[in-house]
Every structure is written in C-alpha cells, then in structure tokens.
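Scroll down for the structure; my scribbles are underneath it.
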Amino acid sequence: AQTVTQSQPEMSVQEAETVTLSCTYDTSESDYYLFWYKQPPSRQMILVIRQEAYKQQNATENRFSVNFQKAAKSFSLKISDSQLGDAAMYFCAYSTSGTYKYIFGTGTRLKVLA
Amino acid sequence: GAGVSQSPSNKVTEKGKDVELRCDPISGHTALYWYRQRLGQGLEFLIYFQGNSAPDKSGLPSDRFSAERTGESVSTLTIQRTQQEDSAVYLCASSRGGGWADTQYFGPGTRLTVL
C-alpha cells in the first residue's frame, strides 16, 4: 500500500532557529512528486515546496528547503530562521505517475516560541 | 487572481439531515478534487472531476455521499442523512490539468459538525 508517514505529531522551535520535519513514504513507482503543504488555523492549505523524484537536487524556496533521499524514501523539510507565522500543521504528500490522487501523511504541528 | 473558495465556512447540522457543500475552483482549472480531513488525520481523497470526463468516485465512503460539477466550474458535495462520523473538514482543491504532475491548490474547507 502507498503510505506517507510523519512520525512527529508535534514539534517546537524557538523563533529564528532552524527546525526539521521528517517524512517517509512508501511507493514502488519510480516517477513521483513530493509536496509539503502548510495548514495554518485558517485551514487554507498552502503549498510550501515540491520536489520531482527524478531531480537529485534538493528543492529550496526561500527559508524552506528539503532533504530528499530517494533510496531511503525520505523527504524532510527544513525551516530556517523560523518565524511566528510559520506556526501551522505541515503535511507531507506525494503523487505518482498514472494517478492524480495525492497521498497525505497525518501531519506535524509546528509551534514557534517567541 | 482568486483562489479556491468554499462555502459555508462552517456548518452545524443534526443527525439525519442532508447538507450541501460548495466549491468554486480557480478559473481555468479543469480538475477538481474533494478531500475529507478528520480530526488529527491527514486528507482522505473522496472524488475527482476532470473536464467532461466521468468523475472518479472511488473515494466516496458510502452512497450517502454524492457530488456534481457543472462543466469546469462550481462543484457541490452532498451528504444525505448525515451521521456523527461525517463530522470533519471537507476540503476542495483544483489544478490546471488533472495530471499527476499538476499542483493542487486548496480552498479553506468547510467544517461540518453533525450533532
């Protein structure tokens, strides 16, 4: 079965510090996309970053970067210089070739401490 | 441009009543998706529309759930004879195409509470 595992239900980080959220996935496909979405209390799911599996270079988006380890099926999100506005639920997801369905993890709640 | 919008934002209903949830996708997006998010869980796929093709209803949990979409515009998710286990946030997403490489953009969801 295709699954996404986020083993950290909750994480805390001090403002301006760096935090890493972990995600592992299980798929037998070779072509797929990986995503990190942020869901603040407003419930609006916001795309943070996405990674194409066939690209070895890790994606970056300003303070957000990923560590993509294809062989280990690991896709962690690093947030640098954490800000209060980063506090939210973070969901890891992937989509595979031949399907449009996203498979989501159960999320990690990130708290940012002032 | 405008994002995906959903209404109502919150809905409280009594067990056994029918409810309708609405989604307005991003203009020009041909694909539309409905997901359910139960408390403390990830998103669960419900249904997918792509243009004028037959929808993929494989994620609908029971025949009490149905959805419609008119062309490439508004979609309505209907839950008949609501049960307490239907309480959840219902999220809608749209994408430019329906391919696996197309990013899905989400609305703010409708929080449904069944008493």
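Listed by chain and number, the aspartates and glutamates placed with their C-alpha closer than 12 angstrom to that of A:Lys38 are A:Asp86; residues fewer than eight positions away on the same chain are left out. Per residue, the average separation of C-alpha pairs within less than 8 Å and at least 6 apart gives the stretch B:1-84 a relative contact order of 33 percent. Size descriptors for the protein assembly as shown (Cα atoms only): Rg and Dmax, in that order, 17.7, 52 Å.
With Cα atoms defining each centre, the stretch A:48-103 and the stretch B:1-49 are spaced 24 Å apart in the structure.
For the residues B:Thr70, B:Thr78, B:Thr30, a GNM of chain B with alpha-carbon springs under 10 Å puts the largest fluctuation on B:Thr70.
A dipole drawn for chain B from +1 and -1 charges on Cβ atoms has a positive end, and of B:Ile79, B:Gly98, B:Leu112 the residue lying farthest that way is B:Leu112. In this rough spin-label picture, where each label sits 7 Å from Cα along the Cβ direction, the A:Asp31-A:Ser74 distance is 2.8 nm. Multiplying the residue separation of A:Ser97 and A:Glu10 by 0.36 nm and removing their Cα-Cα distance gives an extension gain of 28.2 nm. Extension gain, B:Ser5 to B:Lys57: 0.36 nm times the residue separation minus the Cα-Cα distance gives 16.6 nm.
Footprinting exposure proxy ranking of A:Thr60, A:Thr27, fewest other C-beta atoms within 10 angstrom first, gives A:Thr60, A:Thr27. Cβ crowding within 10 Å ranks A:Tyr54, B:Tyr48 as A:Tyr54, B:Tyr48, fewest other Cβ atoms first.
Bear in mind that the values in this text are calculations on the coordinates, not laboratory data. What you are looking at is a predicted structure, and each value in this text was computed from that prediction instead of being measured. Heads up, the Cβs are rebuilt from the backbone with ideal geometry, glycines too, and the neighbour counts pull from every protein chain shown.
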